[in-house]
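The structure appears below as structure tokens.
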């Protein structure tokens with residue numbers, strides 16, 4: 001059965017009504033440039049800054065921390081205090097720096113919220129909140145276009161509220177939600193397993209790289225030379241990756257170094273280490289290392305540096321920064337090269353399972369996510385009557 005046939009069978013001749021979002025939802029506040037007629041009622045929420053939201057975090061809490069980003073958590077009723085709210089809500093962030101599909105949320109229960117724009121159905125006998133959530137995720141790329149600004153972007157809520165949403169009968173909404181919940185549950189199970197595997201990996205990595213007496217240590221500056229990057233704007237297009245502190249920025253026609261190296265951010269995301277064994281160029285926000293391979297295997301150095309907490313070693317206010325002087329003083333263990341190779345072989349296997357996009361669980365999660373998105377878009381592609389506006 002084709003996708004269209006499946007949807008036709010699900011509808012069974014039912015004509016689907018379309019409504020502007022403002023007609024069927026209540027939002028958290030009165031928005032600028034939205035007429036009062038479109039918002040006769042608003043919600044009542046206390047908003048916290050992200051930094052203040054996660055100050056409330058408690059491992060065994062039962063009140064959800066409804067953040068604006070990917071990170072979430074839990075707190076207690078006591079810590080939530082007057083910020084505590086309860087309900088069934090769909091949220092999009094007021095300020096975002098990443099695609100909406102990564103940060104849009106649905107939650108039912110008790111929560112404390114950061115600065116989200118919060119929606120709920122104004123009549124759950126006509127519109128299910130979970131159906132609203134799935135429909136909004138299917139339109140995430142469209143909603144992304146309503147966000148404006150450099151860096152942290154903010155949405156035009158007038159444009160969001162004027163979007164039109166299909167309103168099939170409630171039993172059809174429930175069936176669509178059931179199907180999409182099943183796909184989501186499969187992905188969640190795999191993601192949970194991946195998180196467990198990563199914890200196992202970190203545990204064994206830290207054990208393998210914890211050396212007792214008998215293993216010599218040296219300063220990082222005694223086994224590598226830390227080198228600055230250079231501007232890349234004059235380079236042409238080519239095959240060599242150009243690295244910044246966030247990863248590969250582009251591909252150029254020249255390289256700065258052509259031996260295995262560990263790249264260590266100088267500014268920005270200080271914990272973003274990269275092991276590179278192909279010719280590359282690096283810009284001035286990230287150091288590269290010339291490694292004395294008679295003393296230390298480059299991949300061994302990379303794995304060890306992932307354990308030392310470079311992300312927490314900010315040497316400046318404002319934009320996080322790292323200095324060569326501090327890095328040079330890091331103590332690096334130097335077991336025999338044979339032992340280093342054995343440790344690298346073990347950690348490579350763990351890494352392939354947990355982190356590779358073409359192997360193991362991440363690949364399976366990616367395939368499940370694509371499957372979910374296919375059926376979500378199929379199930380929410382309702383026909384319009386002739387003459388209706390798109």
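The values are calculated or read from the model by the stated rules, or taken from the named source; none is laboratory data. All values reported here derive from a predicted model rather than from experimental measurement. Positions of Cβ are backbone-derived with ideal geometry, glycine not excepted, and every protein chain shown enters the neighbour counts.
Quick look at the numbers
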| quantity | calculated |
| --- | --- |
| Some residue of the stretch 244-256 being modelled with pLDDT under 90, within 28 Å of the chain's Cα centre (by Cα), within 19 Å of residue 362 (Cβ to Cβ) and not in a loop (DSSP other than H, G, I, E, B) | yes |
| Among the candidates 175, 193, residue that is within 30 Å of residue 18 (Cβ to Cβ) and in a helix (DSSP H, G or I) | 175 |
| Residue in the stretch 71-91 that is surrounded by the fewest Cβ atoms within 10 Å (Cβ to Cβ), counting only those that are within 20 Å of residue 154 (Cα to Cα) and out of contact with any helix residue (DSSP H, G or I) (no Cβ under 6 Å at 6 or more places or on another chain) | 71 |
| Selection status of residue 291, in contact with a strand residue (DSSP E or B) (Cβ under 8 Å, 6 or more places away or on another chain) and either at pLDDT 85 or above or surrounded by 13 or more Cβ atoms within 10 Å (Cβ to Cβ) (or both) | yes |
| Checklist (1) under 22 Å from the mean Cα position of the chain (by Cα); (2) surrounded by fewer than 19 Cβ atoms within 10 Å (Cβ to Cβ); (3) under 18 Å from residue 108 (Cβ atoms) applied to residue 57, failing item | (3) |
| Among (1) outside any loop (DSSP other than H, G, I, E, B); (2) at pLDDT 90 or above, the one test that residue 215 misses | (1) |
| Qualifying residue in the stretch 218-241 (condition: buried (at least 16 other Cβ atoms within 10 Å of the Cβ), within 29 Å of the chain's Cα centre (by Cα) and part of a strand (DSSP E or B)) | yes |
| Conditions (1) within 24 Å of residue 176 (Cβ to Cβ); (2) in contact with a helix residue (DSSP H, G or I) (Cβ under 7 Å, 6 or more places away or on another chain): number failed by residue 129 | (2) |
